[in-house]
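Reviewing the structure listed below.
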Amino acid sequence: MASIKVKLRPSAGADRRGTIFYQILHERKQRLLFTTYRLYPTEWDAIRSVVKIRGNGARHRILMVIRESMRHDLERLAGIVYRFENMAVSFSADDVVEEYRRFSEEYRLFRFMQGIISMLRRNGKIRTSETYTAALNSFRNFRNGEDIMLDCLSAEIMERYEFWLKGRGNCLNTVSFYMRILRAAYRRAVEEGVIADRHPFRRVYTGIDKTVKRALPLTAISRIKALDLSGFPGQDFARDMFMMSFMLRGMSLIDMSYLRKRDLADGYVTYRRRKTGQRLVIKWTEEMQRILDKYGENRSEYLLPIIRKTGVNEWYVYRNVGYNINHNLKRIGERIGITIPLTLYVARHSWASAAQAKGIPLSVIAEGMGHENESTTRIYLASLDTTLVDKANSMILKSL
C-alpha cells in the first residue's frame with residue numbers, strides 16, 4: 001500500500017527558508033514531489049508534519065494559505081492512490097507523481113474553463129462561449145491572474161469574490177451571472193468525477209433579482225414608430241429593427257438575424273428559438289412586410305436585412321449590427337425623452353407588458369414569447385392554438 005509523507009528540506013543556511021516536499025512510498029520505492037512552499041525551520045513542526053501558524057500580519061496569512069494548500073495537495077494525492085488501488089492494477093510511485101502533475105495541469109480553473117470555451121466554440125455555441133469568457137476574465141482579474149485548482153475553490157474564496165464584484169459597482173444580477181457560470185464549470189468537473197463537491201457557492205448570490213423596469217407603454221412605442229428619421233439612416237434602421245422585434249412578439253435579435261427566407265411561408269414565420277429550441281409560429285403582417293420592402297432584396301439566405309452578404313463571419317456581423325442598433329436606439333430614446341436606456345431587449349419587455357395590459361392571460365403571453373419555464377401556467381394547458389397568440393398580437397399592433 002502506498003504511503004505519503006510531508007517533509008521540509010532545510011536550506012543550507014539555518015536562518016533561510018526550506019522547501020516542503022511530499023514523499024511517496026510504494027513497493028519499497030520512493031519518489032519525491034517538491035512544492036513551491038517555502039518555510040523557515042521555526043515554522044515547521046517535524047513531528048506532526050504541519051505548518052506552525054505564528055504571529056500576525058502578512059506572514060501569518062501566507063502560512064495559512066500554505067497550510068490550506070498542503071491540505072488540498074495531500075487530499076489530491078490520497079485520492080489518486082485510492083483510485084489506483086481500486087482499479088486493481090499494478091502501479092508505481094512514479095505513476096502517482098505523474099497523475100498528480102497531470103491533474104494539477106488539467107484541472108486548474110482557468111485552463112479547465114478555457115477547455116469548455118473551446119468546446120463551445122467548436123459546437124457553434126458562440127454566445128455561450130462569450131459568457132464563459134466574460135466570467136473567466138472577471139474571476140481572473142479578481143485573482144490578479146493567479147490560477148487556482150478546482151478542488152481548492154471554497155465558500156470563503158467565492159464570498160471574497162462576491163464582495164469584490166459588489167465593490168466594483170456590479171448589481172446583484174451581474175454577480176449572479178458570473179457565479180452561475182463558474183458554478184456550471186465547477187459542477188462539470190464534479191460530474192466528470194475529478195473533484196468532490198465542496199459546495200463553494202452555497203453562501204453567494206446565484207438568484208435573479210428584480211431588474212429595473214424596461215417596458216415602455218404603447219404611447220412611447222407609437223412615438224418611436226412615428227419618428228421621421230429619414231436624415232439619420234443608422235437610427236432609422238435601428239428603429240425599424242426595434243419595431244420588427246416588437247411586432248414579432250419580442251423576438252430577440254439573434255433569432256431575427258437567423259430567420260431564413262424559407263421560414264416565411266403561407267403568411268406565417270416559423271422558427272425555433274436559439275436559446276431554448278422551442279418552435280414558434282407568428283403571423284406575418286402587412287406592417288412587417290413594409291419594413292422588409294424598405295430595404296430591398298437580401299442577397300443572403302436570410303429574411304431580414306441584418307446579415308446581408310454570403311461568405312462572411314455571420315456571428316461577428318450579427319454582433320456588430322447589434323452594437324450599432326443599440327447605440328442608435330439610445331440616441332432615439334434621448335430624442336423622445338425616454339428615461340430608461342432604449343435597447344432591442346426593451347421591445348421584448350414592452351410586448352409582454354402591453355399584452356398584460358390588454359388582459360391577455362399569462363399562459364398566452366408565455367406561449368407567445370416562447371418561454372419554456374412557465375410551469376405554473378401550463379399545469380392545465382397541454383398546448384395552445386397559435387391563432388390565439390396571433391389574435392393577441394393583432395390586438396397589440398392595432399393599438400399603435
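The values are calculated or read from the model by the stated rules, or taken from the named source; none is laboratory data. Please read these numbers as outputs of a predicted model, since none were measured by experiment. Using ideal geometry, Cβ is built from the backbone for each residue, glycine included, and neighbour counts are taken over all protein chains shown. Protein only, heavy atoms only, side chains kept; ligands, DNA and RNA dropped before computing areas. Shrake-Rupley method; radii C 1.70, N 1.55, O 1.52, S 1.80 Å.
State yes or no: is SER138 buried (at least 16 other Cβ atoms within 10 Å of the Cβ), assigned to a helix (DSSP H, G or I) and modelled with pLDDT of 95 or more? So SER138 fits the description; yes. Being over 19 Å from the mean Cα position of the chain (by Cα) and closer than 25 Å to SER350 by Cα: is that true of ILE221 here? Yes. Report, by residue number, each residue of segment 141-155 that is open to solvent by 20 Å² or more (accessible area, probe 1.4 Å), part of a helix (DSSP H, G or I) and within 18 Å of VAL204 (Cα to Cα). Selection gives PHE142, CYS152.
Just one of the listed residues (LYS210, LYS225) is modelled with pLDDT under 90 and out of contact with any Pro (no Cβ under 7 Å at 6 or more places or on another chain), and it is LYS210.
Look through LEU172, LEU218, LEU150, LEU136 and report the one residue that is among the aliphatic types (A, V, I, L, M) and in contact with a Leu (Cβ under 6 Å, 6 or more places away or on another chain). I'd like the intermediate steps shown before the answer.
Numbers: LEU172 fails: in contact with a Leu (Cβ under 6 Å, 6 or more places away or on another chain); LEU218 fails: in contact with a Leu (Cβ under 6 Å, 6 or more places away or on another chain); LEU136 fails: in contact with a Leu (Cβ under 6 Å, 6 or more places away or on another chain).
Of the residues listed, the single one that is among the aliphatic types (A, V, I, L, M) and in contact with a Leu (Cβ under 6 Å, 6 or more places away or on another chain) is LEU150.
Of all residues being open to solvent by 80 Å² or more (accessible area, probe 1.4 Å) and of a type in the set (S, T, N, Q) in segment 25-65, which is farthest from ASP95 (Cα to Cα)? Just the residue, please. For segment 25-65, the residue satisfying everything is ASN56. Is segment 101-113 home to any residue that is farther than 29 Å from VAL204 by Cα and either loosely packed, with under 15 Cβ neighbours inside 10 Å or touching a helix residue (DSSP H, G or I) at 6+ places or on another chain (Cβ under 9 Å) (or both)? The answer is yes; a qualifying residue exists. Out of (1) open to solvent by 20 Å² or more (accessible area, probe 1.4 Å); (2) closer than 15 Å to SER69 by Cβ, what's the single condition that is false for TYR22? Checking TYR22 against (1) open to solvent by 20 Å² or more (accessible area, probe 1.4 Å); (2) closer than 15 Å to SER69 by Cβ, the one that fails is (1). A search for C-beta distances below 7 Å between a residue of segment 282-303 that is among the acidic types (Asp, Glu) and any residue that is part of a helix (DSSP H, G or I) and open to solvent by 50 Å² or more (accessible area, probe 1.4 Å), counting only pairs 6+ apart in sequence or on different chains, returns GLU301/LYS261. Within segment 84-100, if we keep just the residues that are at pLDDT below 90 and acidic (Asp, Glu), the residue that is surrounded by the fewest Cβ atoms within 10 Å (Cβ to Cβ) turns out to be GLU85. For beta carbons closer than 6 Å, sequence separation of 6+ or different chains, a first residue in segment 305-318 that is aliphatic (A, V, I, L, M) and a second that is part of a helix (DSSP H, G or I), the qualifying pairs are ILE306/SER257; ILE306/VAL321; ILE307/SER257; ILE307/GLU314; ILE307/VAL317. Of the strands (runs of 3 or more DSSP E) that lie entirely inside segment 1-117, those containing 3 or more residues that are under 37 Å from the mean Cα position of the chain (by Cα) span 29-39.
All conditions but one from (1) surrounded by fewer than 17 Cβ atoms within 10 Å (Cβ to Cβ); (2) within 30 Å of LYS330 (Cα to Cα); (3) touching a Leu at 6+ places or on another chain (Cβ under 7 Å) apply to SER129; the one that does not is (1). Can you say whether ILE254 is closer than 30 Å to ILE332 by Cβ and in contact with a Lys or Arg (Cβ under 6 Å, 6 or more places away or on another chain), as far as the supplied structure shows? Yes; evaluated as a whole, the condition is true for this residue.
Answer yes or no: is there a residue in segment 174-193 that is hydrophobic (A, V, I, L, M, F, W, C), crowded, with 17+ Cβ neighbours inside 10 Å and either over 25 Å from GLU130 (Cβ atoms) or in contact with a Gly (Cβ under 8 Å, 6 or more places away or on another chain) (or both). Scanning segment 174-193 turns up no residue that is hydrophobic (A, V, I, L, M, F, W, C), crowded, with 17+ Cβ neighbours inside 10 Å and either over 25 Å from GLU130 (Cβ atoms) or in contact with a Gly (Cβ under 8 Å, 6 or more places away or on another chain) (or both).
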